[in-house]
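Asks: Following this message is one structure expressed as structure tokens.
Just so it is clear, none of the values below were taken in a lab; they were calculated from the coordinates. What you are looking at is a predicted structure, and each value in this text was computed from that prediction instead of being measured. Cβ atoms come from the backbone with ideal geometry, glycine included; neighbour counts cover every protein chain shown.
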Amino acid sequence: MGIQKINCKTLSRLPAFSHAAVAGDFIYVSGTLGTKLDKLEIVEGGVSKQTEQILFHISTILSQCHASLEDIVKVNVYLTDMNFFHDMNSAYLDVIQFEPPARITVGVKELALGASVEMDCIAYKPKK
């Protein structure tokens, strides 16, 4: 069966990685930033808007794998300032309006492109 690399034509990305990889029954979504659709620039509006945009991107990536946000098993969240935790969590819950997956939030020194938040996740690939 092998590993399938996933890249969404509608989403920008650095050439150093794929948006996701599918291995067996799991989808491994790469670290995702709250970038604008057509360029590698962070959306305006702070950590809340970045969080919403990240989850939109992850939803798009999962959709290409015939999955959805509800199929996520585990999310890793990286914040440059833990004082953003409340705003990130509020925006996260506005999007994740179902029983949430397992998750960790980690404070980091900095993120690519000057982002305030980054997320990656593992999702279960539903059977066709």
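Asks: Compute the angle between helix 46-64 and the longest alpha-carbon principal axis of the chain, please, reported from 0 to 90 degrees and rounded to the nearest 10.
Replies: 0
Asks: Tabulate in residue order the Karplus-calculated ³J(HN,Hα) for region 116-123, using 6.51 cos²θ - 1.76 cosθ + 1.60 with θ = phi - 60°, rounded to whole Hz; enter x for Gly and Pro.
Replies: Along region 116-123, the couplings run 8, 9, 9, 9, 10, 7, 10, 10 Hz.
Asks: Quick one: Ile54, Ile96, fewest Cβ neighbours within 10 Å first, how do they rank?
Replies: Exposure proxy ranking, most exposed first: Ile96, Ile54.
Asks: Roughly how many debye, to the nearest 20, is the charge dipole of the chain about its Cα centre, given +1 on each Lys and Arg Cβ, -1 on each Asp and Glu Cβ, and no other charges? Don't skip to the answer; put the middle values down first.
Replies: On the way: 12 positive and 14 negative charges, 113 e Å.
My answer is approximately 540 debye.
Asks: Could you work out the percent of alpha carbon pairs in region 1-72 separated by over 17 Å, rounded to a whole number?
Replies: 41
Asks: Would you kindly state how much longer the chain becomes between Ala112 and Glu44 on full extension, computed as 0.36 nm times their sequence separation minus their alpha carbon distance, in nm to one decimal? All intermediate terms of the calculation are to be shown ahead of the outcome.
Replies: Numbers: separation 68, 0.36 × 68 = 24.48 nm, distance 1.53 nm.
Gain on extension, Ala112 to Glu44, equals 22.9 nm.
Asks: Take the chain, mark every one of the GluC sites (Glu not before Pro) that falls in a DSSP loop and has at most 13 other Cβ within 10 Å, then report the longest stretch left between them, sites excluded.
Replies: That gives 45-109 as the longest site-free run.
Asks: Okay, moving on. With the contact rule set at Cα under 8 Å and sequence spacing of 6 or more, what percent relative contact order holds for region 3-124? Let's see the in-between values first.
Replies: Working: 236 pairs, mean separation 38.7, N = 122.
The normalised contact order for region 3-124 reaches 32 percent.
Asks: What number comes out for the charge environment of Ser12, summing +1 per Lys or Arg and -1 per Asp or Glu over other residues with Cβ under 13 Å away? Mind dumping the intermediate values first?
Replies: On the way: positive: Lys9, Arg13, Lys36, Lys39; negative: Asp38, Glu41.
Local net charge: +2.
Asks: In degrees between 0 and 90, to the nearest 10, how far off the longest principal axis of the chain does helix 85-95 point, with axes built from Cα atoms?
Replies: 40
Asks: Which of Met82, Gly46, Cys121 sits closest to the plus end of the dipole of the chain, meaning its Cα is farthest towards the positive end, when Lys and Arg get +1 and Asp and Glu get -1 on the C-beta?
Replies: Highest projection toward the positive end goes to Cys121.
Asks: Continuing with the same structure: Chymotrypsin sites (Phe, Trp or Tyr not before Pro), restricted to region 1-61: which are DSSP loop and have at most 11 other Cβ atoms within 10 Å? It would help to have the intermediate numbers written out before the result.
Replies: Working: sites: Phe17, Phe26, Tyr28, Phe56; in loops: Phe17.
Hits after loop and neighbour filter: nothing returned.
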